[in-house]
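> Dropping a structure here in structure tokens format, bear with me for questions.
The values are calculated or read from the model by the stated rules, or taken from the named source; none is laboratory data. From a predicted model like this one, the values you see are computed outputs, not experimental measurements. Glycine also receives a Cβ, built like all others from the backbone with ideal geometry; neighbour counts cover every protein chain displayed. These area figures cover heavy atoms from the full protein model, side chains too; ligands, DNA and RNA do not enter into them. Shrake-Rupley method; radii C 1.70, N 1.55, O 1.52, S 1.80 Å.
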Amino acid sequence: MNWDGAGEMSGLEQQSVDLPAAKDTPEIPKNPYKEGNTLSITLHKEDTITADVKILEQHGPSTYSTVLSVSVPGHVLGSTEPSVRAVLKVYDRRYAEELRQEHKVGPWSPEKERCYAEALASGRAAEFMWLLDTDDDVETPAEPWDEAQNEVLIQSWCNDLCNDETRAYECLESLQGRQIPRFLSKVTVSRNPFAQFEGCGVDDNAFDIRGVLIEYIPGPSLEDLAEHVPPKHWQYCVDEAVQIVRAYANLPFLNKDVKTRNVIISPAATGWHHARVVMIDFGLCQFRDSDESDADWGFAKWFQDEEGAIGVVMRSRLKGRGPEITYTPSRRWHEYSDNEATAKIIEGETEGGQARQGRSMDGVASDDEG
């Protein structure tokens, strides 16, 4: 499929769309995810359930997703309690600030939303979504894509991230409730009333705002360990965090976003020594292909160095602040470190290479420790 001019698709019939005048178009709230707001969500469990959840808190800025603590009616989750606190991760393209910055599409605005709605109603958005989903070699045309196409691009990324996070929890099911949160439900936050899909080969939920509902884990992050946990418990917390990576070592899963801020230390009733250490945030990950060789997969695991992203970082961060932290790499993937077939990654020619270079500047594991 070719592109003409400023991102127009050749061969596509441009349909006229009867939409309200701009001044009559309801303006979407600047931030629907503020504390105290109520969201009506659909939970996709064995039975589809609609529930109103109250936003209690937003955790950090919106990056690829917006992470909220919400109060969910207890009966929806099979609890006898009137309400249950849970975490709702919403993959909403409008507020995925870091994702929008990376793709240089600028902040969301009501005017961009109107362009997007027109493209949805005409079927043009679905055509472009299909192209993005089926052609891995889509190139940006000489002239920039238009506002509607940019919104479809970010929507496509949000869909992929949400799908990967859901798949990650399925892959890591054996760790749920202990070393990772329990996965409660896939969620639709809102349906898109404008979308037309006929003959486009795109799922009819491709333009919905989706997310995941997971167990809420109270406690500080491993990044803030020194500020909240007595020094005598630091080694235990670091060891438990490293053990999470080792626990899924034999599963077909690679976490590309292992960070100390994505590990939560949740104190037990008996104190910090028996704290539950939990890894969160699996939107950026990779799964082993069924035909992927041991050498290629092993190289990817060695290169990412998930263990070192915890052990080496915390050893460096806590140095001189209390008891010395010991960390001994398992070297589980070291034998694959000289895989020539993927050696170009070392040169920073891929996203993985760039990520490792960035980590190296932050004091993350060197090659002889990975």
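> Is it the case that the stretch 204-219 has a residue that's surrounded by fewer than 16 Cβ atoms within 10 Å (Cβ to Cβ) and modelled with pLDDT under 95?
Step one: filter the stretch 204-219 for residues surrounded by fewer than 16 Cβ atoms within 10 Å (Cβ to Cβ), giving 204-205, 218.
Applying the additional criterion that residues be modelled with pLDDT under 95 yields 204-205.
For the stretch 204-219, residues surrounded by fewer than 16 Cβ atoms within 10 Å (Cβ to Cβ) and modelled with pLDDT under 95: present.
> Would you please list the contacts, defined by Cβ atoms under 6 Å and residues six or more apart or on different chains, that run from a residue in the stretch 271-300 that is within 21 Å of Glu173 (Cβ to Cβ) to a residue that is open to solvent by less than 40 Å² (accessible area, probe 1.4 Å) and hydroxyl-bearing (Ser, Thr, Tyr)?
Pairs that qualify, where the first residue is within 21 Å of Glu173 (Cβ to Cβ) and the partner is open to solvent by less than 40 Å² (accessible area, probe 1.4 Å) and hydroxyl-bearing (Ser, Thr, Tyr), are Arg276/Ser266.
> Of all residues in the stretch 224-251, which are open to solvent by 60 Å² or more (accessible area, probe 1.4 Å) and not in a helix (DSSP H, G or I)?
Asn250
> Among the residues of the stretch 103-116, write down those that are within 18 Å of Pro32 (Cα to Cα), free of Cβ contacts under 8 Å to residues at least 40 places away in the same chain and open to solvent by 50 Å² or more (accessible area, probe 1.4 Å).
Once the filter is applied, which keeps residues that are within 18 Å of Pro32 (Cα to Cα), free of Cβ contacts under 8 Å to residues at least 40 places away in the same chain and open to solvent by 50 Å² or more (accessible area, probe 1.4 Å), the stretch 103-116 yields only Pro107.
> Identify the single condition in (1) open to solvent by 70 Å² or more (accessible area, probe 1.4 Å); (2) assigned to a strand (DSSP E or B); (3) not β-branched (Val, Ile, Thr) that Gln286 does not satisfy, given that it satisfies every other one.
That leaves (1) as the condition not met.
> Sticking with this structure for a sec: Under 16 Å from Arg332 (Cα atoms) and crowded, with 22+ Cβ neighbours inside 10 Å - does that describe any residue in the stretch 257-264?
No.
> Quick check on my filter: what residues within the stretch 34-62 are part of a loop (DSSP other than H, G, I, E, B) and touching a helix residue (DSSP H, G or I) at 6+ places or on another chain (Cβ under 7 Å)? First the steps, then the outcome.
Let us first name the residues in the stretch 34-62 that are part of a loop (DSSP other than H, G, I, E, B), namely 34-37, 45-47, 59-62.
Those that are part of a loop (DSSP other than H, G, I, E, B) and touching a helix residue (DSSP H, G or I) at 6+ places or on another chain (Cβ under 7 Å): Pro61, Ser62.
> Of a type in the set (Val, Ile, Thr) and in a strand (DSSP E or B): does that describe Ile264?
On the way: of a type in the set (Val, Ile, Thr): yes; in a strand (DSSP E or B): yes.
Judged against the criteria, Ile264 is a match.
> Also, quick follow-up: Is at least one residue of the stretch 26-33 over 26 Å from Leu153 (Cβ atoms) and modelled with pLDDT of 90 or more?
Of the residues in the stretch 26-33, the ones over 26 Å from Leu153 (Cβ atoms) are none.
No, the stretch 26-33 contains no residue that is over 26 Å from Leu153 (Cβ atoms) and modelled with pLDDT of 90 or more.
> Tell me which residues, restricted to the stretch 160-190, are acidic (Asp, Glu) and assigned to a strand (DSSP E or B). Step through it out loud before you land on a result.
Applying the first criterion (acidic (Asp, Glu)) to the stretch 160-190 yields 160, 164-165, 170, 173.
None; the set is empty.
Let's see how each residue does on (1) among the aliphatic types (A, V, I, L, M); (2) within 25 Å of Gly219 (Cβ to Cβ):
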{"position": "Gln235", "(1), (2)": "no, yes"}
{"position": "Pro252", "(1), (2)": "no, no"}
{"position": "Val278", "(1), (2)": "yes, yes"}
{"position": "Gln286", "(1), (2)": "no, no"}
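> For the stretch 84-102, give me each residue that is open to solvent by 60 Å² or more (accessible area, probe 1.4 Å) and touching a residue at least 12 places away in the same chain (Cβ under 8 Å). Walk me through how you get there before you give the answer.
Residues of the stretch 84-102 that are open to solvent by 60 Å² or more (accessible area, probe 1.4 Å), as a first pass: 85, 97-98, 101-102.
Within the stretch 84-102, Arg85, Glu97, Glu98 qualify.
> Could you check the stretch 293-317 and list, in sequence order, the residues that are among the acidic types (Asp, Glu) and open to solvent by 40 Å² or more (accessible area, probe 1.4 Å)? Show your work before the answer.
Step one: of the stretch 293-317, the residues among the acidic types (Asp, Glu) are 294, 296, 305-307.
Matches in the stretch 293-317: Asp294, Asp296.
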